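Report on one structure; see the data block that follows.
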Amino acid sequence: MEAEVKTPEQAIGTWKRVCLLADIPVLGSRVVRSSSGDIAIFRNADNEVFALHDKCPHKAGPLSQGIVHGKTVTCPLHSWKIQLEDGVAQLPDIGCTRSFSVKVENEVVFLNV
Amino acid sequence: MRKLKLVMVGNGMAGCRTLEELLKLAPDLYEITVFGSEPHPNYNRILLSPVLAGEMTIQDIILNDLDWYAENNITLHTGKTITRIDRRARKVVAADGTTAEYDRLLLATGSNPFMLPVPGKDLPGVISYRDIKDTDEMIDAARTHKHAVVIGGGLLGLEAANGLKLRGMDVSVVHVMPWLMERQLDRVAAGMLQKSLEKKGLKFLLERQTAELVAGESGRVAAIKFKDGETIPADLVVMAVGIRPNTGLAESCGLHCNRGVVVNDTMQTFDPRIYAVGECASHRGIAYGLVAPLFEQAKVAANHLAMYGIGRYQGSVTSTKLKVTGIDLFSAGDFMGGSDVDEIILQDPAGGVYKKLVLKDNRLVGAVMYGDTVDGSWYFQLLKDKQDIQDIRDHLMFGKSNLGDTGHKGANNAASLPDTAEVCGCNGVCKGTIVKAITEKGLFSLEDVRKHTKASSSCGSCTGLVEQILASCVGGAYQPADSNSKAVCGCTDLSHGEVRKTIREQKLLSVATAMHFMAWKTPNGCATCRPAINYYCISTWPHEAEDDPQSRFINERAHANIQKDGTFSVVPRMWGGLTTPDELRRIADVADKYKIPTVKVTGGQRIDLLGVKKADLPGVWQDLGIPSGHAYGKSIRTVKTCVGAEHCRFGTQLSMSMGVKLEKMLFGMWSPHKVKLAVSGCPRNCAESGIKDVGVIGVDSGYEIYVAGNGGIKTEVAEFLCKVKTDEEVMEMSGAFLQLYREEGYYLERTVHYVQRVGLEHVKKLVVEDEANRKALYERLLYALQGYKDPWAERAEAEKASTVKREFEIIEV
């Protein structure tokens, strides 16, 4: 697995071990409870991992429960499509949810919180 | 790598739509150059009439502003007319000497207005009605001159006449035929139209032939002279007698033309490097002059330019709507009738309403409506779908009355609504917002409106209203999609029917292989198509196909209903609405133990525990020890029963036990949409069998079975299927019907819509009349349901399994 750091300038923060890559289903997600609130970590079909605040910018729906496709998750409440890389809602909807740095090293997922 | 060069000649609606579609598919394939004769970017030509009428401005009707061309790296040459195509050197040359080389050439040269070859046709003050320049000239003329004559009583001529009248001119319409809009209207409707236009102050001269346009002292046109010798004053003459495909350029380079540049089903001309779309193209002998077919062509041309090679244009059925404020008029198909067709006519001259439906072999082939066009879209849909209307023939004329059921105060006429009226009650969208989005963003389809405004995107009950608003904003440009060929979603061009057929014929056993085989455009689909494919796979190939949890909506994945705050609701099964003191005690204990905030009795005769945390679900299930109620699934929900002959003094049949038997038989049945049943013990029908997917009503001599009812968004009364004697027959008949629905219904199509689509006769034939087929259907259902395990028990048992843990456990850091 290739190591991957989303925003290197943040990499100085604290990397916390979250789980094994295998603990996240392909095209699925897990919820991580942190001091910054619930964070949804997603794994797509290419085994890329992403982390977003588990709240849709629309009506705070839990994005972790949505359907993952490509680099997007569809919110389970009203079907807003949120980009996994930056948390931005796809047009014509407008909004953004916070994203977090996440990396995979030796099949272990680390989250920067 | 060198990009291919694409040159487009003609900067109008069809061409630009093709570019938009192309950029969606292959944004980086081409270096694009566009030549347009007009000095404007692409604008919505259909809306020139509202501009002339003073209801909109030029700025309002621009579809692609200059920024759009820049953002997409398109080189735009406005005001330059291409005069020569050098096919050997593969370049085009403009009148001013500008040249551009191409690898692919797209001709979208549109059409030219036809000018009557009469003396004086070139005089100042004699114009056509085609573009912004003509419109400006008319607006100017209206300021300085008095008498306008419009030659041509067709759609365009009448819109021009109306606009000029509103601008204060004295307007006469000259028409050579005995009645107006003869290609769209029959004589009666045209008469009513003429009357109401006369009330607006227009004058009509029918069956008159123009002999000459006479110049005045200034050299400008001053009068029009007819063949019968009469002369009337005319300071402005607008010719709107028809259009001719603009093929001069194509012909000059030797491309085969025949009333249009001849194209095949891929919009390719006889030179494989050259494509043609829009009014200049002749497809299967037809050059379309309305915008909707052009958009379909654009999609196909873009698909081939993007080298996908799978689109095919097969011609269009068109409809017409006049854009004159205050006049509602709609026509589609072959409305003139004849000896081999039936006509249903409703005529109320005083009320200003006229409707004519033309039927042939139990199919709608044409419709003309004047005054009340509410159901225009619905009729057009029936016409395009070639749907058998035998079952609804007796009330066909009275419309779908699907408008205004719930959520918008019963309103059913969009035109009369104020801008502040709430059209979509689910998403709180007002009429003004929808109109604004349509005009500002240049929307043409229901899907676009849904995407941009959310109107009618939730429950869909206001779809009819939204369609009306769309139709009144864009006129004939609005074409409801053909429901049988509509693509599943943006990830594919295939329809539900085609996807399902392919899965069956190719024996595709998983979502991934199905997408791969059908060349899905996106890597793993989207939230719309994945659940549909998953359903088609598992329903077509039970026990063989792989059920993909990640392609199911969260409710079916978590076996509970997600609520607005992210908690879940849990509904344990109560067979036939029956429970026991022991079950009730356990439910109470669970509610206490997990601090469940709300306990509610549902409409389906069970108990709903609301506000359960996801992580608690496996524990709740284990402690309940009752099977899942599947209140969350596109699946069998409940069988509602009345007390029946077990206790009731009126009961004729044992409805509770019949209900329990049905519910146990259907346990675990996944279906295109939710399925609800009811069994009543007598015709008093306390279980409300008349509004269920399958409703059973006990009578003294047996049971009556009703199907395709619905108590939701739109109350639909179930239709009588058949009468049977025994419990076993009820199970076989209901099971066979539901299996047919499972095999033929499109994903998210309720039984009521399925039966409306295929017709009750079709269902009766396969389920009631054909005994062998019924038994086969029933067997296939039982086979599919064989060995189904309660998902709650399974999960509670396997709580320690990592996959279950993964779904429900929260990670702490």
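The values are calculated or read from the model by the stated rules, or taken from the named source; none is laboratory data. Here the structure is a predicted model, which means the values were calculated and not measured. Using ideal geometry, Cβ is built from the backbone for each residue, glycine included, and neighbour counts are taken over all protein chains shown.
For this structure, a couple of remarks:
- Qualifying residue in the stretch B:136-148 (condition: free of Cβ contacts under 8 Å to residues at least 24 places away in the same chain, outside the structural domain of B:Val353 (by TED's automatic domain parsing) and on the phi > 0 side of the Ramachandran plot): no
Rundown of residues vs (1) more than 30 Å from B:Glu230 (Cβ to Cβ); (2) hydrophobic (A, V, I, L, M, F, W, C); (3) at pLDDT below 95, yes/no style:
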residue	(1), (2), (3)
B:Ala100	yes, yes, no
B:Ala108	yes, yes, no
B:Lys121	no, no, yes
B:Val149	no, yes, no
B:Gly152	no, no, yes
B:Leu156	no, yes, yes
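- No other residue among B:Val449, B:Val466, B:Val429 is touching a Lys or Arg at 6+ places or on another chain (Cβ under 7 Å), at pLDDT 80 or above and not assigned by TED's automatic domain parsing to the domain that holds B:Asn42 apart from B:Val429.
- Here is the figure for the stretch A:19-30: residues that are surrounded by fewer than 21 Cβ atoms within 10 Å (Cβ to Cβ), hydrophobic (A, V, I, L, M, F, W, C) and within 8 Å of chain B (Cβ to nearest Cβ) total 2.
- All positions within the stretch A:62-83 that are touching a residue at least 12 places away in the same chain (Cβ under 8 Å), surrounded by fewer than 24 Cβ atoms within 10 Å (Cβ to Cβ) and part of a loop (DSSP other than H, G, I, E, B): A:Pro62, A:Gly70, A:Lys71, A:Pro76, A:Leu77, A:His78, A:Trp80
- Screening B:Val300, B:Val291 for residues that are among the hydrophobic types (A, V, I, L, M, F, W, C), crowded, with 21+ Cβ neighbours inside 10 Å and without any contact (Cβ under 8 Å) to a residue 60 or more places away in the chain leaves exactly one candidate, B:Val300.
- Sole exception among (1) at pLDDT below 80; (2) buried (at least 17 other Cβ atoms within 10 Å of the Cβ); (3) assigned to a helix (DSSP H, G or I) for B:His408, by number: (3)
- Unmet requirement for B:Ser539, which otherwise passes all of (1) more than 30 Å from B:Arg504 (Cα to Cα); (2) surrounded by 20 or more Cβ atoms within 10 Å (Cβ to Cβ); (3) of a type in the set (Ser, Thr, Tyr): (1)
- Total residues in the stretch A:84-102, condition touching a residue at least 12 places away in the same chain (Cβ under 8 Å) and not in a loop (DSSP other than H, G, I, E, B): 6
- Residue within the stretch A:31-38 that is more than 7 Å from chain B (Cβ to nearest Cβ), part of a strand (DSSP E or B) and within 13 Å of A:Arg98 (Cβ to Cβ) present: yes
- Of all residues in the stretch B:171-206 being touching a helix residue (DSSP H, G or I) at 6+ places or on another chain (Cβ under 8 Å) and of a type in the set (Val, Ile, Thr), the one that is nearest to B:Ala367 (Cα to Cα): B:Val173
- Residue list for the stretch A:54-113, filter: more than 10 Å from chain B (Cβ to nearest Cβ) and of a type in the set (D, E, K, R): A:Glu85, A:Asp86, A:Arg98, A:Lys103, A:Glu105, A:Glu107
- Meets criteria (more than 10 Å from chain A (Cβ to nearest Cβ), at positive phi and buried (at least 20 other Cβ atoms within 10 Å of the Cβ)) for B:His559: yes
- Unmet criterion (only one of (1) at pLDDT 90 or above; (2) out of contact with any Pro (no Cβ under 9 Å at 6 or more places or on another chain)) for B:Lys521: (1)
- Taking the stretch B:57-81 as the range and being under 29 Å from the mean Cα position of the chain (by Cα) and in a strand (DSSP E or B) as the test, only B:Ile62 passes.
- Out of B:Val758, B:Val717, sole residue that is at pLDDT below 95, surrounded by fewer than 21 Cβ atoms within 10 Å (Cβ to Cβ) and under 30 Å from B:Thr502 (Cβ atoms): B:Val758
- For the stretch B:272-288, filtering for residues that are surrounded by fewer than 21 Cβ atoms within 10 Å (Cβ to Cβ) and either in contact (Cβ under 8 Å) with a residue 60 or more places away in the chain or assigned to a strand (DSSP E or B) (or both) leaves 2.
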